[in-house]
Structures are given as structure tokens and as C-alpha cells.
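**Student:** My questions all concern the structure below.
No lab work stands behind these numbers, since they all come straight from the coordinates. None of the values given here were measured: they were computed from a predicted structure. Every residue, glycine as well, gets a Cβ built from its backbone with ideal geometry; the counts of neighbours run over all protein chains shown.
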Amino acid sequence: MHAISRFFVLFALFASLCSCAQEQDIPTNAAYGKGEDVKVFEFYAEWCHYCQEMKPDYEKLKKLYPNVQFYAVDWDKNREKAERFDIKSVPYLIKITNKTKIKKQIGYMTRNELIRFVESD
């Protein structure tokens, strides 16, 4: 009986530590991109674990930023486009603002990192 109660205490402690470690969403600017031509391209692959991990957060960005155009590009099916941007690995994000400013990011990003990527110049 004593071992079972110790198990539950350790389990409760572990659960509380995990809940504290969850990342809180940073505030977003829903008006971002209004009056500008902002496009974000996510190059991904179905076999890429990190791409699949980012997918729900990338989809959420579409709702958070109605003035930004988001595109998901399958790297395996669009090799010519990937080569045009010299993309060698995924996930890979490209942000193009007013057809002149280009920002690139390679690798996995948390939801807050994605938000910072979209809103940064």
C-alpha cells in the first residue's frame, strides 16, 4: 500500500512539472500585414518528423494573421521551387514582404518562434 501512495505522489509531482513547462502563447498582432503584401512559405515533407510537429502551429497562424498569405509546399513534390530558393532541408520557412524583403528560417520552430518569425522584419 505504501508503494502505491508513493507512486501517486511521484506521478502528481511529475504531472505538475510538465504542466509548468508548457510554453505560453505570446500576444499576436492580428492586424499585422494589413496594407502590405506578406507571404509565408513553409517547405515541408511528409516523412519529416519536425515538419509534422510544426503543422498544427503553422495552421493556427493562418487564423491568427488574416492579412498574411500562407502556403505549405511539399518539398518532395515541388523540387524545382525548392531548388529556386536553394532549399536543402526541411522544415524551411520563407517570408516575403512587398516582393522585396526576404527572410529565411531553417529547422523546427515552436509556436512562439513562428509568431516572432511572422511579425519580425
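**Student:** Taking interchain pairs and intrachain pairs at least six residues apart, which have beta carbon atoms under 8 angstrom, with the first residue in segment 31-55 and more than 19 Å from Arg111 (Cβ to Cβ) and touching a residue at least 60 places away in the same chain (Cβ under 8 Å) and the second surrounded by fewer than 13 Cβ atoms within 10 Å (Cβ to Cβ) and not acidic (Asp, Glu)?
**Tutor:** Pairs found: Glu36/Asn98; Asp37/Asn98; Asp37/Lys99.
**Student:** Follow-up question, since we're still on this one. I need the full set of residues from segment 82-95 which are touching a strand residue (DSSP E or B) at 6+ places or on another chain (Cβ under 7 Å) and surrounded by fewer than 16 Cβ atoms within 10 Å (Cβ to Cβ), in order please. Steps first, answer last, please.
**Tutor:** Taking segment 82-95 as the starting set, the residues that turn out to be touching a strand residue (DSSP E or B) at 6+ places or on another chain (Cβ under 7 Å) are 82, 85, 87, 89-95.
Across segment 82-95, the qualifying residues are Phe85, Ser89.
**Student:** If you go through segment 54-75, how many residues are surrounded by 13 or more Cβ atoms within 10 Å (Cβ to Cβ) and part of a loop (DSSP other than H, G, I, E, B)?
**Tutor:** The total comes to 4.
**Student:** Only residues that are in contact (Cβ under 8 Å) with a residue 40 or more places away in the chain, within 14 Å of Val68 (Cα to Cα) and in a loop (DSSP other than H, G, I, E, B): list them for segment 96-121, please.
**Tutor:** Selection gives Asn98, Lys99.
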